[in-house]
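*Asks:* Submitted below is the structure of interest, expressed as structure tokens.
The values are calculated or read from the model by the stated rules, or taken from the named source; none is laboratory data. If you're wondering where the values come from, they're calculated on a predicted model, not measured in any experiment. Glycine also receives a Cβ, built like all others from the backbone with ideal geometry; neighbour counts cover every protein chain displayed.
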Amino acid sequence: MTAKLLVVDDEPRTAELTAEILRRAGYSVDVAGSGTEALERVRNGSPDLMLLDYEMPDMEAPEVLDSLRSGTERIPFPVIILTGARHSPGDQVVGFERGAADYIVKGTDRQVMLARVRGALRERAAPAGAVVRGRLHVDAAKGEARLGDRALKLERRPLLMLQLLASHSPEVVPRSELLDRVWGSTYSGFEHSLEQAVHQIRRELRERGWIETVRGIGYRLVVPT
């Protein structure tokens, strides 16, 4: 079934350029020119994913995200924020805290943008539920991970990667599968991001032996004995 996307941008030319890239990739795409129009479109029929411009004359992205949530804990579909100038760490934290799934800087390579979209859609379609391995508890759908009573502070992709490794434990998960399932692409440019995610997971676990590197293949999660 074709995924329905909504592109929200007050610059018509930019909106149509983004929409055309997505349509050529096989998605059904609508365009809204303001936050107010986007919310009206959602009321008439929820998209599978929204690409939302950060700065618009009527509403900024955090305001739109708050309206989409409407008192519930989670927005019912992934929202990727498109930003030109507003991509400082502080701006990104605000977006993530309001429920954004990802950030894309305008002008990013189209293949990278499409990979981010595929990844967000796959995450939405993935079966929910926590994975427990020994003292490790991971629930990516709720954005939570714990080792015993200690919460692990992980960004979205390391969290997804940890849950994938835990769900396959003790089997090895190939690097190509991690890239495909977590980043939405086997594009080699994401290799460094994968290694950074592994480093963040190990740093947060603070214990040796959980994440094992299988040279030339990938990684596996092994519960220490």
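*Asks:* What tally of residues in region 96-124 results from selecting those that are of a type in the set (Gly, Ala, Ser), in contact with a strand residue (DSSP E or B) (Cβ under 9 Å, 6 or more places away or on another chain) and not in a helix (DSSP H, G or I)? Can you show your working first?
*Replies:* First, the residues of region 96-124 that are of a type in the set (Gly, Ala, Ser): 99-101, 107, 115, 119-120.
Now restrict to residues that are in contact with a strand residue (DSSP E or B) (Cβ under 9 Å, 6 or more places away or on another chain): 99-101, 119-120.
Keeping just the survivors that are not in a helix (DSSP H, G or I) gives 99-101.
Looking only at that region, the number is 3.
*Asks:* Tyr219 is checked against (1) in contact (Cβ under 8 Å) with a residue 24 or more places away in the chain; (2) part of a helix (DSSP H, G or I); (3) closer than 23 Å to Glu144 by Cα and fails just one. What number does that condition carry?
*Replies:* (2)
*Asks:* May I pose another question? Looking at (1) at pLDDT below 90; (2) more than 16 Å from the chain's Cα centre (by Cα), which is the one condition that is false for Arg116?
*Replies:* (2)
*Asks:* I need the full set of residues from region 5-29 which are loosely packed, with under 15 Cβ neighbours inside 10 Å and either touching a Lys or Arg at 6+ places or on another chain (Cβ under 8 Å) or outside the structural domain of Val105 (by TED's automatic domain parsing) (or both), in order please.
*Replies:* Ser28
*Asks:* Considering each of Arg122, Arg135 in turn, give the residue that is of a type outside the set (A, V, I, L, M, F, W, C), modelled with pLDDT of 85 or more and over 17 Å from Val7 (Cα atoms).
*Replies:* Arg135 is the lone residue from the list that is of a type outside the set (A, V, I, L, M, F, W, C), modelled with pLDDT of 85 or more and over 17 Å from Val7 (Cα atoms).
*Asks:* Looking at the structure I just gave you, is Gly129 within 20 Å of Ile81 (Cα to Cα) and in contact with a helix residue (DSSP H, G or I) (Cβ under 9 Å, 6 or more places away or on another chain)? Give the steps one after another, and end with the answer.
*Replies:* On the way: within 20 Å of Ile81 (Cα to Cα): no; in contact with a helix residue (DSSP H, G or I) (Cβ under 9 Å, 6 or more places away or on another chain): yes.
No: the conditions fail for Gly129.
*Asks:* Continuing with this model, one more query. Determine, yes or no, whether Thr36 is in a helix (DSSP H, G or I), over 22 Å from the mean Cα position of the chain (by Cα), more than 18 Å from Tyr103 (Cα to Cα) and of a type in the set (Val, Ile, Thr).
*Replies:* Considered against the rule, which asks whether it is in a helix (DSSP H, G or I), over 22 Å from the mean Cα position of the chain (by Cα), more than 18 Å from Tyr103 (Cα to Cα) and of a type in the set (Val, Ile, Thr), Thr36 comes out as yes.
*Asks:* Okay, moving on. Could you list, in sequence order, all residues of region 125-179 that are surrounded by fewer than 21 Cβ atoms within 10 Å (Cβ to Cβ), part of a loop (DSSP other than H, G, I, E, B) and under 20 Å from the mean Cα position of the chain (by Cα)?
*Replies:* Residues satisfying the conditions are Ala126, Pro127, Ala128, Gly129, Ala130, Gly143, Leu152, Lys153, Glu155.
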